[in-house]
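Report on one structure; see the data block that follows.
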Amino acid sequence: MNPVSGTVMNPESRVVLAMRGITKDFPGVRALDNVDFDLREGEVHVLIGENGAGKSTLIKVLCGAYRPDAGEILIDGHRVNISDPKRAEALGISVIHQEFNLLPHRDVAQNIFLGREPVRGPMGMIDFGKMYDDSKRILDSINVDIPVRTLVRDLSVAQKQMVELAKALSFNARIFIMDEPTATLTSREIERLFKTIASLVSSGKSVIYISHRMDEIHQIGHRVTVLRDGQYIGTLDVKEASLETLISMMVGRNIGAGEIRRRNVVKRGREALKVSGLTRHGRFYDINLSIHEGEVVGLAGLVGSGRTEVARAIFGIDPYDSGEVFVFGERLPKGSPAHSVERGLGFLPEDRKDLGLALGMSVKDNMVQASLRSVSNFGFIDFRRERDVAQGFVKQLRIATPSIYRLVRFLSGGTQQKVVLSKWLATKARILIFDEPTRGIDVGAKAEIYSLIDELVKQGVAILMISSELPEILGISDRIYVMREGRITGEFHRDAATRERIISYAMGKGREYDAAAGKG
């Protein structure tokens, strides 16, 4: 029996959904490798795994956003072809994403029946009376009291979530996929959501529940399935799913930091970057961290933990409400990337194509974009100096391009990342913030990025590195901060950090894990 939902699932309940041998390949990576998953009638089946484990890809296959390269999907025992999201909807499958798909300037009922409004008369006029009555009936069925004429923009996050749920019910969905549904909810709102889910499953509906919150597994789930590195690891009844067992399944005992070459430790120098009490309400709170010259500091955490938001605030891209940032002991004015560059900071963003590069410009132009003053005389660009700088970085970083005049849009992901890096090296940056520096690049390019990091720290550069790949964080960081829900929950020296320990702190179970492991 679930402590919150109070529901008991019959172990003999029929299987309403079965995914067998699902495989999905993308260029250079196998995102899903022969994955099995099934869902029973009246069940909450929790799906967990580290970032990049394959959860999102599996769900996108199920809802028709991706076509699998191999495998089959069965609904009620019959094989189905889910060619697109409309087909998934017709089969009764609904996904409630973290980012809601609602129109803020329309009311609740208009959003519930958007594109499927009831009509009357030979002219096909919208029957607003029926639409509002049906919307209220659906909301009443899940014990949600929201006035159906309220504009969506005036609703709370929890209420918007209920509107999404009502929208799914309006087309008779019977399989609900909830992706981190409690990420932005208060404890009271979570309790209300769990009661709503209990009402759904008691009426025979089924829920696939994706969560990084370990305590929710026992509160709401009947079974839990673990994915790791795109592979199916196992399925357990929640009563068998201890914290230690689940973490062991998620991280694996046979995978360690040795996958990534650990560099030699460099004697660290003076404090290069200090962040004190940094807070942006609703995003992150009381962030305190420091980085010294010749040091790589990792920032770990699950998706949505606030890592990128902190990095953007430090660099001055986004505002913050309180706190201070110091660069080599001097306070950095907030909200000014230009000041950050002047003080020696560089920022390699997670989305290099949209935020790090001008895809329609050449390799050369991208490289000098942040340091035009250094290649200019009296306000005019010295084209020879500009060319020499670009050619120097092509040689130094072994950038694979036929010419410095090649448009960066035609380069590989790894080569593009090197161009972003050279842009900041051209500014003589002494502090570099890397946000997912190896995402989307092949193994060879990753090795070259790690080698470049080695060289930079030997030169005394301070590096703050955000990465969702735990082997990467463990392999090259001197110290590691762990974030959860906008707060730093732990700090570890490289010798004290393990995959299990970091993921425990990222999931809010660090103290329990340390106590069980005798480290408390």
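Every number here is computed from the coordinates shown, using simple stated rules; none is lab data. For clarity, every value in this text was computed on a predicted model and none was experimentally measured. Every residue, glycine as well, gets a Cβ built from its backbone with ideal geometry; the counts of neighbours run over all protein chains shown.
Some points to look at:
- Residue (of Ile220, Ala198, Ile466) at the positive-pole extreme of the chain, dipole from beta-carbon charges: Ile466
- Neighbourhood charge, 15 Å Cβ-Cβ cut-off, centred on Thr23 and excluding it, Lys, Arg +1 and Asp, Glu -1: -1
- Taking 0.36 nm per residue of separation and subtracting the current Cα-Cα distance, fully stretching the chain between Asp454 and Ser202 would add 85.1 nm.
- Full extension of the chain between Asp286 and Ala400 gives 36.8 nm of extra length, using 0.36 nm per residue less the Cα-Cα distance.
- Förster radius 45 Å - calculated FRET efficiency between Leu151 and Glu240 (Cβ-Cβ, nearest 0.05): 0.45
- The HN-Hα couplings worked out from phi for the stretch 110-118 by the Karplus form 6.51 cos²θ - 1.76 cosθ + 1.60 (θ = phi - 60°) are 4, 6, 4, 10, 4, x, 9, 4, x Hz, whole numbers, x standing for Gly and Pro.
- Of all lysines in the structure, those lying under 22 Å Cα to Cα from Lys395, and not within fewer than 8 positions of it along the same chain, are Lys364, Lys418, Lys423, Lys428, Lys446, Lys458.
- Rg to Rh quotient for the chain, alpha carbon positions, Kirkwood Rh: 1.01
- Calculated FRET efficiency, Phe171 to Ala338, Cβ-Cβ distance, R0 = 51 Å: about 0.50 to the nearest 0.05.
- Efficiency of FRET from Cβ geometry, Asp318 and Arg409, R₀ 22 Å, rounded to 0.05: 0.25
- Exposed loop sites here mean GluC sites (Glu not before Pro) with a DSSP loop assignment and at most 15 other beta-carbon atoms within 10 Å; the chain contains its longest site-free run at 100-520.
- Reachable lysines from Lys167, criterion Cα separation under 30 angstrom, eight or more residues apart if same chain: Lys24, Lys55, Lys60, Lys86, Lys130, Lys136, Lys195, Lys205
- Percentage relative contact order, the chain, counting C-alpha pairs under 8 Å, at least six apart: 15
- Using alpha-carbon coordinates, inclination of helix 187-202 to the longest axis of the chain, degrees: 50
- Cleavage-rule hits, chymotrypsin sites (Phe, Trp or Tyr not before Pro), the stretch 170-256, DSSP coil, Cβ neighbours within 10 Å at most 14: Phe171
- Segment Ser13-Asp76, extension gain: residue separation times 0.36 nm, minus the distance between their alpha carbons: 21.5 nm
- Simple point charges give the picture: +1 on the Cβ of Lys and Arg, -1 on the Cβ of Asp and Glu, and for the chain a dipole about the Cα centre of about 1240 debye.
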